[in-house]
Structure formats: structure tokens, C-alpha cells
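One structure is given here, and the rest of the page talks about it.
The values are calculated or read from the model by the stated rules, or taken from the named source; none is laboratory data. Keep in mind that what you see is a predicted model, and the values were worked out from it rather than measured. Note that each Cβ is placed from the backbone with ideal geometry, even for glycine, and that neighbours are counted across all protein chains shown.
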């Protein structure tokens, strides 16, 4: 009986880690979808920098829409887009830029 319980604990631990990584991946994907929905012509990259818990993200958004806006206003557009998701995060680092002319 003890051997079975020990193995079940091991399996439970593996499943917990797996489900945690799935949730983390889902949060990252959801953030990416929201940003690309709001900024359809933008180059968007979302990185989980939490070390595995999925509660700290770094977002990079490059869009012509930011032209003429201060960095503060650019970041405000991002935070407004992610308002509901930010409530569940430990933090978010935002990087915005305007594409260089070709």
C-alpha cells in the first residue's frame, strides 16, 4: 500500500508541474492574442520571465500606431489592453517601439 501511495504522489507531482506549464503557456498565448487583436499590424512578442509560475511577463510591441506618442502613452495603450490579465500577474515589463523606416 505504501509503495502505491508513494507512486501516486510522484505522479501527482508530475501532473501538477505539467498543468502549471499549460496554464502558464495559456496566459502567454492569451496576452499575445489580446495584443495582436488590439494592434493587428504590430510585431508582438510575449515572454514569460517568471521562472515558471506564469505570473511575470515581458511584452514587446512594435507598431506605427505609436508614432507621435510619448512612451507613457504607448505603455498606457498596452496596459489598457491587458487590464484584466494584469490583475492576475505579479508584474509586466512593457517595451514599445516604432518600426524603423525601410
Q) For region 57-84, what are the residues that are buried (at least 16 other Cβ atoms within 10 Å of the Cβ) and closer than 16 Å to residue 26 by Cα? A) 57, 59, 82
Q) Looking only at residues in region 57-98 that are modelled with pLDDT of 95 or more and part of a loop (DSSP other than H, G, I, E, B), which one is nearest to residue 41 (Cα to Cα)? A) 63
Q) Restricting attention to region 42-56, and to residues there that are touching a residue at least 24 places away in the same chain (Cβ under 8 Å) and part of a strand (DSSP E or B), which single residue is nearest to residue 100 (Cα to Cα)? A) 43
Q. What are the residues in region 60-82 that are farther than 10 Å from residue 96 by Cβ and in contact with a helix residue (DSSP H, G or I) (Cβ under 7 Å, 6 or more places away or on another chain), if any?
A. 79, 81, 82
Q: Six or more apart or on different chains, Cβ under 6 Å: which pairs go from a residue in region 30-41 that's buried (at least 19 other Cβ atoms within 10 Å of the Cβ) to one that's part of a loop (DSSP other than H, G, I, E, B)? Could you list them?
A: 39/63
